[in-house]
1. Residue by residue through the range 327-368, note down the ones that are within 19 Å of Gly290 (Cα to Cα), within 21 Å of the chain's Cα centre (by Cα) and β-branched (Val, Ile, Thr).
2. For the range 81-102, which positions are outside any loop (DSSP other than H, G, I, E, B) and touching a residue at least 40 places away in the same chain (Cβ under 8 Å)?
3. Among the listed residues Pro330, Pro319, which satisfies the condition of being out of contact with any strand residue (DSSP E or B) (no Cβ under 8 Å at 6 or more places or on another chain) and within 25 Å of Val368 (Cα to Cα)?
4. Please identify the pairs in which a residue from the range 191-215 that is within 25 Å of Asn175 (Cα to Cα) has its Cβ atom under 6 Å from the Cβ atom of a residue that is of a type in the set (D, E, K, R), counting only partners at least 6 apart or on another chain.
5. For a quick check of your reading of the model, give me the residue pairs whose first member lies in the range 130-144 and is aromatic (Phe, Trp, Tyr) and surrounded by fewer than 17 Cβ atoms within 10 Å (Cβ to Cβ), whose second is at pLDDT 95 or above and assigned to a loop (DSSP other than H, G, I, E, B), with beta-carbon atoms closer than 9 Å and at least 6 apart or on different chains.
6. Those residues that are of a type in the set (A, V, I, L, M) and either closer than 27 Å to Gly74 by Cβ or modelled with pLDDT under 95 (or both), I need them from the range 187-212; list them, please.
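The values are calculated or read from the model by the stated rules, or taken from the named source; none is laboratory data. Nothing here was measured: the structure is a model prediction, and the numbers come from that model. Backbone-built Cβ (ideal geometry, glycine too); neighbour counts: all protein chains shown.
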Amino acid sequence: MHRRDFLLSGIAGLAALSGLPGCAGRGAGDIGGLNRAWLFSAADTPRGDHLIVGGNRQGDVLFRTTVPERCHGGCHHPSGHHAILFARRPGRHCYVLCTRSGELTHHIAAGEAYHFYGHGVFSPDGTRLYTTMNHYPSGKGIVRVFNAANGYTIAGDIELDGVGPHELRLHPDGNTLVVALGGIQTHPDYGRAKLNLDTMAPALLLVDRHSGAVQHRISPSHHQLSCRHLDIGPEGIVVAGFQFQGPEWEPMPLIATLDTRTLQYREIQLPDKAALALRQYTASVACHEGSPLAAITAPRGDQVLIIDRMDSMHLGTHPLTDVSGAAPHPSGFVLTGGDGSVWDLPASGTSPVRLNHHAIRWDNHLTV
């Protein structure tokens, strides 16, 4: 039995998911009273082991849990009892983590002929989990709905009429899914190769999670601007981050906003030199709930950008080595980097402060 299969079989033998009683019964004293206030992220060790890491806003790591494949983004169950981290594209599993103990309680399989894209979100009552997935024989992108109240059985699929859905968020109305449709077709037989760059059709989608209807489809200004990551503020303004699949020397707008109240879509144009410095790639997007600020990381360009999402204005850029993950907290943002660093970025506009450093490579996302 391979190490990966051994780890998966061990996870599958743990507590059943309905209510996660083995998790909910943990006391608040476990690993420092770990709960929804803490941060979770995928990470890799220098020797290539794959981890799920739990920590706090001060940059301390409270636990490291080994998983058999590299993970990407995640989401919390509204109860706070558990979180889910998704395997990185083209991963076939996601992992359920008890937030009070740091233990893996289960894994969820993508199903035959499907793989995850690394992101998901719960319904407000926690009974449904929505995940972006690829049906790789056809190349069709879907949102798969899992019944979280019944052991995460499959409850249905939402067809998106497109390929490559990546990050999705729940709109503040509780009924609408905001989906970043990347437009890139992949197949596990070809690893992470991009198979349709000439015919890409990326978009931002607003989807009724109850009926599955795609209510609005907003396309970027160039068909190779792959919409990958996003967040949404409490007022309903979406901030989206793009990855351009065209020439490296062509300056492109990699950040856009969508006001879902008016459907006004605005791309943020940076000066050519500043745009090219991002190296055509953004990673995490994080909206601050207590201010109009949003942070967008650009790890290939070693930068984090701050915008005013209300006015769609670029406010500033901070140089940070391989900065990747971003998550809001009451007074600013926590950032992580591929070099193992954890930074605090105050909402006041002052420079980031490094809080800690660990011998791991943080993935591109933080789950709070």
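1. Answer for the range 327-368, where residues must be within 19 Å of Gly290 (Cα to Cα), within 21 Å of the chain's Cα centre (by Cα) and β-branched (Val, Ile, Thr): Val334, Thr367, Val368.
2. His82, Ala83, Ile84, Leu85, Phe86, His93, Tyr95, Val96, Leu97, Cys98
3. Pro330
4. Partner pairs satisfying both residue conditions: Ala203/Arg217; Leu205/Arg217; Gln215/Asp208.
5. Here the result reads none, with nothing in the range 130-144 linked to a residue that is at pLDDT 95 or above and assigned to a loop (DSSP other than H, G, I, E, B).
6. Scanning the range 187-212 gives Ala193, Leu195, Leu197, Met200, Ala203, Leu204, Leu205, Leu206, Val207.
The rows are residues; the columns are (1) surrounded by 22 or more Cβ atoms within 10 Å (Cβ to Cβ); (2) modelled with pLDDT under 95; (3) part of a strand (DSSP E or B).
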site: His223; (1), (2), (3): no, no, no
site: Ser226; (1), (2), (3): yes, no, yes
site: Leu230; (1), (2), (3): yes, no, yes
site: Glu235; (1), (2), (3): no, no, no
site: Ala240; (1), (2), (3): yes, no, yes
site: Met252; (1), (2), (3): yes, no, no
site: Leu258; (1), (2), (3): yes, no, yes
site: Arg261; (1), (2), (3): no, no, no
